[in-house]
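Read the structure below first, then the notes.
Only the coordinates and a few stated rules stand behind these numbers; no lab work does. Everything quoted here is computed from the prediction, not taken from an experiment. A quick note on method: Cβ atoms are made from the backbone with ideal geometry, for glycine too, and the neighbour counts reach across all protein chains shown.
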Amino acid sequence: MDLFNKIRGEFIDIIEWTDDSRDTMVYRFERYNNEIKMGARLIVRESQIAVFINKGKIADIFEPGDYSLETDNLPILSTLQGWKHGFHSPFKAEIYFINTRRFTDLKWGTKNPITLRDPEFGPMRIRAFGTYAIRITNVTSFIKEIVGTDGHFTTNEITSQLRNLIVSRFADILGETKIPILDMAANYDELGEFICQKIHDDFLAYGMEITKMLVENISLPTAVEEILDKRTSMGIMGNLQQYTQFQTATAIEKAAENEGGLAGGGMGMGFAMANQMGQNMQHNQQSQTHSQTSAAVPPPLPQEKPFYVAINGQQQGPMPISQLQLLVNNGSVTRESLVWCEGMSNWEKASDVETLSQLFTATPPPLPPQ
């Protein structure tokens, strides 16, 4: 078997990686004894980078393309091997294919609740989860810091570390932004972008870039959510009396639907509920009618005191001020005319009574004697 593998390794001269898995980040191309024929064909597809490693050191790196491996396109490996002259015998090197495409739909989430101080509700505990996407940007750093000698490296081997990093930064960011709990749903996009900026350098140290960060949900403890639901329900109910009537009518309807629901005691209870609801509605109607009636009838007008007036030595009246105004206008009553009304001790001149003094403002004084 070893002889067969050796012969196959010497005659197969195409080096490529066509694995279609969606989670492989690094794949080591296996050859018998790591022997590669000089002049072998190397095919690097789009979203791939081929890295040659000799004796544990990174040598030559190949971008996407079709190559014939010769000493002229293996300059670093030629230096490490000490090839001073061209040759055609096999050489030894490890070949790693790096997948540079974007890895999407990677999950992150908080294992334990994050405690923060909300400006409206005070100390709160929340949980959060979402997805993110990464891409390898520096193959040298990625191999040195993450992969090592792993021949088949997948996203599962690094997502746990990345998730812890994201959650740690997420907790710090929530504390810095001080966004109220009830407003977080409207800021998921902003939070995702902010987290990307904060952890960009951390990912770059591993030779990777985080290209997208999504916050899908931020949730509260179950007890807190129940309290918020009750608070929301109270706001939606509005008029509590109308809500009670609606609930009563609904209960009667459900009781009627049940078999025997209104028989015996159920019927009595239904009548009692209906009677109570009718009384409440009648009381409301009476209150509304009384309120409308009170609002439609104006209060009585204030009553004026009638006056008596002396005209040509004769007592006239009692008469209202409006009638006195007519007598003033035709000259029958003057400023010197004597008047009296209830509450006055004696007859007084009309001009001396405050209520009647305004009647003479437009009346000219008598003409002087000729």
For segment 56-167 (alpha-carbon point model, no solvent) the Debye-based log₁₀ I(q)/I(0) at q = 0.24 Å⁻¹ works out to -1.38
Subtracting the Cα-Cα distance of residue 176 and residue 214 from 0.36 nm times their residue separation yields 11.8 nm
Violations at 23 Å Cα threshold for listed pairs 111/198; 57/107; 111/144 -> 57/107; 111/144
For segment 13-65, listing trypsin sites (Lys or Arg not before Pro) in a DSSP loop whose Cβ sees at most 16 other Cβ atoms within 10 Å gives 22, 45, 55
The extension gain from residue 57 to residue 248, computed as 0.36 nm times the residue separation minus the Cα-Cα distance, is 60.6 nm
Partner aspartates and glutamates whose C-alpha sits under 15 Å from that of residue 37, ignoring same-chain residues fewer than 8 away, are 10, 13, 16, 70, 72, 94
D (µm²/s, integer) via Stokes-Einstein for segment 103-223, Kirkwood Rh across alpha-carbon pairs, 37 °C, 0.692 mPa s: value 214 µm²/s
Taking 0.36 nm per residue of separation between residue 189 and residue 157 and subtracting their Cα-Cα distance, the length gained on full extension comes to 8.7 nm
A convex hull over the alpha carbons of segment 307-360 yields, per residue, a volume in Å³ of 71 Å³
